[in-house]
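Before any comments, here is the structure.
Read-outs throughout are calculated quantities, based only on the coordinates presented, and are distinct from any laboratory measurement. Since the model is a prediction, treat every value here as computed from it, not as a measurement. Note that each Cβ is placed from the backbone with ideal geometry, even for glycine, and that neighbours are counted across all protein chains shown.
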Amino acid sequence: MSQWKLMLRKKHSDEVCHTQMTVRKELEETTHQLNNIQSLKASNLFSVENEKSMKLLEKQQSVCQNELKRPEQEQLSQAKFRQRRKLKMKRLIEKHPDLATDYDLALHEKVNKPVCYVNVIVEIANCGATADPNRRSNLISPCMPLLELSPRLKDRGFNLSRSVTYWRLLPRRYTSAGGKRHVQTVRVRLIKANNDEHNKHINPYFTTNTLNHLKALSMRLVSLTRRTTWKKEEDPALRLPC
């Protein structure tokens with residue numbers, strides 16, 4: 001029993017969720033700070049403030065250990081459940097092969113390589129993509145919505161839903177509940193919907209051209225009026241129509 005438990009832990013050690021990674025990182029930082037303060041305790045540099053901070057760090061360390069223990073136990077129990085279900089399915093297929101044929105029951109014994117659809121997403125997004133407007137990162141903003149990205153993946157042979165495809169992209173908000181599900185992401189973000197592609201009406205062009213012509217005509221009339229006034233002042237005997 002203990003060997004099987006160790007085998008399950010070794011098998012699922014690499015499959016760490018986002019919550020475990022966050023808590024484990026916080027636990028490592030807390031442990032590092034606590035070790036630094038405990039090293040001062042052996043010397044004469046240990047003060048009252050260091051003692052208070054050491055108690056707070058010890059409390060935080062215990063909280064992180066409890067938070068990390070719960071998802072690890074859930075992961076182990078889920079692995080046990082999947083293993084038992086697989087054994088039950090195998091025994092059912094061996095005892096009742098006709099039933100397995102009727103209901104299309106089969107076990108996938110072979111371990112295949114993971115699909116590389118993440119690289120395919122980057123390849124599709126590079127076609128007609130735009131760079132970061134601030135030029136501060138290598139972010140790719142594809143000029144296509146999610147409804148167009150999913151069919152292109154299906155054309156390549158990857159039958160993925162829209163939600164699974166969106167989880168592989170960068171979320172708009174990392175702090176949201178849905179943003180925490182974006183774990184294995186690529187540097188691709190969908191463009192926001194805008195109104196730049198609406199049909200342009202002719203009235204704004206007509207109004208702008210009319211105003212420009214009126215402005216040019218008024219400037220021309222002002223210049224002619226100034227010239228006429230100057231000639232009238234230069235020759236008082238000159239008669240000009242009013």
Net charge near residue 57 (other residues with Cβ under 12 Å of its Cβ; Lys, Arg +1; Asp, Glu -1) is -1
Proxy exposure order for 93, 202 (fewest C-beta within 10 Å first) is 202, 93
If 51, 67 are placed from fewest to most neighbouring beta carbons inside 10 Å, the sequence is 51, 67
Over 25 Å (Cα to Cα) among 86/154; 69/90; 88/154; 25/55 -> 86/154; 69/90; 88/154
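Count the net charge of all other residues whose Cβ sits under 13 Å from the Cβ of residue 96, scoring Lys and Arg as +1 and Asp and Glu as -1.
Residues near residue 96 contribute +1 overall.
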